[in-house]
Amino acid sequence: MRIQIFTDAWFPQINGVVRTLSTTQKVMQEMGHVVEVVNPQMFTTFPCPSYSEIRLAFHPSLTIPNLIHGFQPEAVHIATEGPIGWAARSFCLRHHIPFSTAYHTQFPEYLKARTGVPRRWIYKLLRHFHQPSGNVMVPTPSIIHNLETRGFQKLALWSRGVDTQIFKPLTEKKLYTDRQRPVLLYVGRVAVEKNLTAFLKLKSEGQKVVVGDGPLRKEYQSLYPHVDFVGAKAGDELTEYYNAADVFVFPSLTDTFGLVMLEALACGVPVAAFPVAGPLDVILSDEVGILDNDLDQAVQKALRLSRSQCRKYALGFSWQKAADQFLNHLQPIHRF
């Protein structure tokens, strides 16, 4: 099948959306499908307001018709609700091309945290965006339930996986061997919507480490000088940071899934998080993670969990299974 994916989130961004889409593309290509990802690198871009590291496509509607006609897709998937997503949606509606969409990001909660815009306004806009979609792919049952209560329809589960060949326990640990234990690790964007201060203010003893970058990094580095901010990492280097940790702390209250939790578990690191959507759907056993409204309590309990059990649990999350779900939810184009 020839599959064309439209996304406003792509490299060099490092986040769950990019990792999900790029891994899905790779797995589907290995299955014999032809997959093109239409992304901001194919357009003139401008910096996203309040988050200049993210580049958005400028007038993608001028280019997208040629991209679609040139690729001749047998299925169109619109992954994000940004300029590229809206332009692809508009073209498909005008030409009666069926398509699927995905709900990757809790934009109503993010914009509320960043700007104070009422969530109901953003949910109304997102309902409008997704309403024509043949299937709206959603990562967890909790997010499906939340969207159903807000009037969204045609919701379909598209789960996530983890590459257990990259993220794995290491026999030799190279980082923080001379630091105070335990090592408490956070991996993700350094931005207000991640609720990172809940991690930075933990009373639990030990060395706090933040892997990631974002608009608040400099401010947080100044406010929390005893926390080690190491910037964004990927691949083997990221695996080394996971392996150096004694517990992985996931403070977000707004993520739709949280791939980093699976990556930590695959490296044998237990998780401490709040009992909210995302963690509630990923951490299904108290043998691998602790969910508690008191994050300090969650950390202390998680430190006692078995690293081998964490690794065993992560092996049950397959990108192949996630790719199969994705394919089943696509809307075939019978004629172009």
Open item on the list: For Lys173, give me every one of the aspartates and glutamates with a C-alpha distance below 13 angstrom, ignoring sequence neighbours fewer than eight places off in its own chain.
Closed with: Asp236, Glu237, Glu240, Asp246
TODO: Could you work out the local net charge near Tyr220, counting Lys and Arg as +1, Asp and Glu as -1, over the other residues with Cβ closer than 13 Å to its Cβ?
DONE: +3
Open item on the list: Need one number for the range 129-246: average projected area of the convex hull over its C-alpha atoms, nm².
Closed with: 10.0
Open item on the list: Give me a comma-separated list of calculated 3J(HN,Hα) values for the range 81-97, in order, Karplus coefficients 6.51, -1.76, 1.60 applied at θ = phi - 60°, integers in Hz, x for any Gly or Pro.
Closed with: 9, x, x, 5, x, 5, 5, 5, 4, 4, 5, 4, 5, 5, 10, 6, 9
Task: Pairs of alpha carbons in the range 62-211 whose separation is greater than 29 Å (percent) - done: 40
Open item on the list: Quick check: at a probe of 1.4 Å, how many percent of the accessible area of the chain sits on carbon and sulfur atoms?
Closed with: 52
Open item on the list: Residue by residue through the range 130-146, what is 3J(HN,Hα) from phi via Karplus (6.51 cos²θ - 1.76 cosθ + 1.60, θ = phi - 60°)? Round to whole Hz and write x for glycine and proline.
Closed with: 8, 4, x, 5, x, 8, 9, 7, 10, x, 9, x, 5, 5, 4, 4, 4
Task: Neighbour net charge for Tyr123 - beta-carbon separation under 14 angstrom, K R +1, D E -1 - done: +3
TODO: Run down the lysines and flag those whose C-alpha is under 21 Å from the C-alpha of Lys194, throwing out any fewer than 8 positions away in its chain.
DONE: Lys112, Lys203, Lys208, Lys218, Lys233
Open item on the list: Suppose the chain between Asp178 and Glu219 were pulled fully straight at 0.36 nm per residue; how much longer would it get relative to their current alpha carbon spacing?
Closed with: 12.1 nm
Task: Under Karplus coefficients 6.51, -1.76 and 1.60, residue-wise ³J(HN,Hα) of the range 223-238 in Hz, glycine/proline x - done: 6, 10, x, 8, 8, 8, 9, 10, x, 6, 9, 8, x, 4, 5, 5
TODO: Compute the semi-axes of the equivalent ellipsoid of the chain, taking the square root of 5 times each eigenvalue of the Cα gyration tensor, and list them largest first in whole Å.
DONE: 35, 21, 19
TODO: For the range 269-336, would you read off the P(r) tail past 17 Å as a percentage of all alpha carbon pairs?
DONE: 54
Task: Accessible solvent surface per residue of the range 117-265, calculated while the other protein chains remain in place, 1.4 angstrom probe, Å² - done: 45
Task: Loop-exposed GluC sites (Glu not before Pro) per DSSP, neighbour cap 12 Cβ within 10 angstrom, longest uninterrupted part of the chain - done: 1-171
TODO: Would you mind checking the radius of gyration and Dmax of the range 21-89 based on alpha-carbon positions, in Å?
DONE: 13.1, 40
Task: Dipole magnitude of the chain, debye to nearest 20 (Cβ charges: Lys/Arg +1, Asp/Glu -1, about Cα centre) - done: 560
TODO: Starting from the range 1-96, pick out the chymotrypsin sites (Phe, Trp or Tyr not before Pro) whose DSSP state is loop and whose Cβ has at most 15 other Cβ atoms within 10 Å.
DONE: Phe58
- [ ] Net charge near Ser306: determine it from the other residues with C-beta under 12 Å of the C-beta of Ser306, scoring Lys and Arg +1 and Asp and Glu -1.
- [x] +2
Task: Pair Asp294, Ser318: separation of 7 Å Cα→Cβ label points (nm) - done: 4.1
Task: Positive-end extreme of charge dipole, the chain - chosen from Thr197, Val117, Gln309 (charges on Cβ) - done: Val117
TODO: Could you work out how far the C-alpha centroid of the range 211-253 sits from that of the range 10-63, in angstrom?
DONE: 24
Open item on the list: Using only Cα atoms and rounding to the nearest 10 degrees, what angle (0 to 90) does helix 16-30 make with the longest principal axis of the chain?
Closed with: 60
Task: Stretch in the chain that is longest and holds no trypsin sites (Lys or Arg not before Pro) that DSSP places in a loop and that have at most 16 other beta carbons within 10 Å - done: 1-149
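The values are calculated or read from the model by the stated rules, or taken from the named source; none is laboratory data. Note that the structure is a prediction, hence the values are computed from the model and not measured. FYI the Cβ positions are ideal-geometry reconstructions off the backbone, even for glycines, and counts take in every protein chain you see. Each accessible area value is taken on the protein alone, full model and side chains, heavy atoms only, with ligands, DNA and RNA left out. Shrake-Rupley method; radii C 1.70, N 1.55, O 1.52, S 1.80 Å.
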